[in-house]
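Report on the structure given below.
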Amino acid sequence: QVQLTESGGDMVQAGGSLRLSCVVSTPIFNRFALGWYRQSPGKEREFVASMTRYGDDTKYRGSVRGRFSISRDNSRNTVYLQMNELKPEDTGIYYCNAGTSADMWNPKTFSSWGQGTQDTVSP
């Protein structure tokens with residue numbers, strides 16, 4: 001079972017940027033597709049972005065496409081989420097996870113999560 005440690009969340013004003021990081025503790029990091037998810041107050045956890053194990057394909061939810069970018073560094077067992085042009089509706093706790101590409105769109109696939117990192121965007 002992998003361990004997930006997210007960091008980089010902060011309080012920013014609308015229009016600002018943040019870069020989230022997630023260390024995935026597993027000796028087989030490069031075999032996993034990776035994803036970012038978020039949960040806003042009163043809402044279910046939702047898919048934000050994913051990347052295949054080879055890094056050759058990425059997917060984004062519509063509301064973040066063009067503003068967010070997912071990347072990975074296999075040498076550091078780390079996945080990143082660069083978030084630009086942040087909006088108040090991007091506020092939430094952000095989580096990462098690792099799995100197979102076909103399942104990354106659905107957060108209910110995963111039974112184990114890290115503690116997440118809080119991102120708050122003020123108007």
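The values are calculated or read from the model by the stated rules, or taken from the named source; none is laboratory data. For clarity, every value in this text was computed on a predicted model and none was experimentally measured. Cβ placement follows ideal geometry from the backbone for every residue including glycine, while neighbour counts extend to all protein chains displayed. What goes into the accessible areas is simple: the full protein's heavy atoms, side chains included, and nothing from ligands, DNA or RNA. Shrake-Rupley method; radii C 1.70, N 1.55, O 1.52, S 1.80 Å.
Suppose we keep only residues that are among the β-branched types (V, I, T) and either in contact (Cβ under 8 Å) with a residue 24 or more places away in the chain or outside any loop (DSSP other than H, G, I, E, B) (or both) within region 1-35. Which one would you say is nearest to T120 (Cα to Cα)? If we take residues in region 1-35 being among the β-branched types (V, I, T) and either in contact (Cβ under 8 Å) with a residue 24 or more places away in the chain or outside any loop (DSSP other than H, G, I, E, B) (or both), then V12 is nearest to T120 (Cα to Cα). Within region 55-68, the set of residues being in a loop (DSSP other than H, G, I, E, B), under 18 Å from N97 (Cβ atoms) and either in contact with a Cys (Cβ under 9 Å, 6 or more places away or on another chain) or at pLDDT 95 or above (or both) comprises D57, R61, V64. What about T109, is it in contact with an Asp or Glu (Cβ under 8 Å, 6 or more places away or on another chain), loosely packed, with under 15 Cβ neighbours inside 10 Å, farther than 20 Å from G8 by Cβ and among the hydroxyl-bearing types (S, T, Y)? Taking the combined requirement at face value, the residue satisfies it. Open to solvent by 10 Å² or more (accessible area, probe 1.4 Å), at pLDDT 95 or above and over 11 Å from the mean Cα position of the chain (by Cα): does that describe R31? So R31 passes the test. Checked against the criterion of being among the β-branched types (V, I, T), touching a helix residue (DSSP H, G or I) at 6+ places or on another chain (Cβ under 7 Å) and open to solvent by 40 Å² or more (accessible area, probe 1.4 Å), region 79-99 contains not a single residue that satisfies it. For region 71-81, check the following and say yes or no: at least one residue is at negative phi, without any contact (Cβ under 8 Å) to a residue 40 or more places away in the chain and of a type in the set (S, T, Y). Yes - at least one qualifying residue is present in region 71-81. So which residues in region 76-103 are modelled with pLDDT under 95 and assigned to a loop (DSSP other than H, G, I, E, B)? Once the filter is applied, which keeps residues that are modelled with pLDDT under 95 and assigned to a loop (DSSP other than H, G, I, E, B), region 76-103 yields only T100.
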